[in-house]
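The values are calculated or read from the model by the stated rules, or taken from the named source; none is laboratory data. Here the structure is a predicted model, which is why all the values come from computation and not from measurement. Methodologically, a virtual Cβ is constructed for each residue, glycine included, from the backbone with ideal geometry; neighbour enumeration extends over all protein chains shown.
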């Protein structure tokens, strides 16, 4: 990957469609509520996403969410995403997702994905996967990831998935309070930990953990920048300027819409290149920043 040719690196995009297996329509009410919440039901293929980001001169990290234990939904294969990244190394980086309830078997899968498929990090969604991030049940998996010093990216805050479904679909928001990542950052101090999204309603907890633990980053995905809490912009401009990352949550938010709103969201001009690309280059070990 030639990072000098890139405008930005989007650290948060989703694989929504598998080309190897049919869509798992296990609970239509989830898909219907999801489309209402995000005002979109378009689900691009992985290759469509590759072509889209290549045209924009951006790189992107892509992952699925393995929530087979909590929701019973069949995951998109990690191998499908990893192989697409191998075939498109100029723009695509693969993260994997493994349900932490899979324990030691999940840890074995993680090692295989790292060693045989070259995945560069792992995504967790505590609310959808049904676990506290500091539950020792997940540590079998974390230990393998930390052994390779790879990033662990955690959803935080409110979840669009399940919003509006009766009883929230049984999904608990409290699992995604970023304060639970404080323990993970202590126990795995050499692995980058990314708190995804403005963490409403726990933004201050996220900022506190990131301020206190130098291996903790925050990505700005899932919201238009014009809605960011003022304290998030304040710390991104100052103490945390080297640990804030550009992310969209594509296809839920497009890079064009995000970047348009980013221009007038109060970020300092000297900080914008750090957020858009340079911090991700350092965190991912993609080379030196020019």
Counting only residues that are more than 21 Å from residue 154 (Cα to Cα) and at pLDDT 95 or above, give me the helices (runs of 4 or more DSSP H) lying completely in region 34-111 with at least 1 of them. 46-56, 78-87
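Here is a yes/no grid of residues against (1) in contact with a strand residue (DSSP E or B) (Cβ under 7 Å, 6 or more places away or on another chain); (2) more than 27 Å from residue 120 (Cβ to Cβ); (3) at pLDDT 95 or above:
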position	(1), (2), (3)
183	no, no, yes
190	no, no, yes
195	yes, no, yes
203	no, yes, yes
207	no, no, yes
211	no, no, yes
226	no, yes, yes
230	no, yes, yes
Scan region 102-120 for residues that are out of contact with any strand residue (DSSP E or B) (no Cβ under 6 Å at 6 or more places or on another chain) and crowded, with 24+ Cβ neighbours inside 10 Å and jot them down. 110
Complete set of residues in region 187-201 that are closer than 25 Å to residue 263 by Cα and buried (at least 16 other Cβ atoms within 10 Å of the Cβ): 194, 195, 196, 197, 198, 199, 200
Residue 150 part of a helix (DSSP H, G or I), under 19 Å from residue 99 (Cβ atoms) and either at pLDDT 95 or above or over 19 Å from the mean Cα position of the chain (by Cα) (or both): no
The lone exception for residue 160 - which of (1) buried (at least 18 other Cβ atoms within 10 Å of the Cβ); (2) modelled with pLDDT under 95; (3) within 18 Å of the chain's Cα centre (by Cα) it fails: (1)
Matching residues in region 204-244 - criterion: being in contact (Cβ under 8 Å) with a residue 40 or more places away in the chain and either more than 19 Å from residue 278 (Cα to Cα) or outside any loop (DSSP other than H, G, I, E, B) (or both): 206, 217, 219, 222, 225
Of the conditions (1) more than 16 Å from the chain's Cα centre (by Cα); (2) farther than 25 Å from residue 2 by Cβ, residue 76 satisfies every one except a single condition; which number is it? (1)
In region 190-203, what residues are in contact with a helix residue (DSSP H, G or I) (Cβ under 8 Å, 6 or more places away or on another chain), farther than 18 Å from residue 265 by Cα and assigned to a loop (DSSP other than H, G, I, E, B)? 190, 191, 192, 202
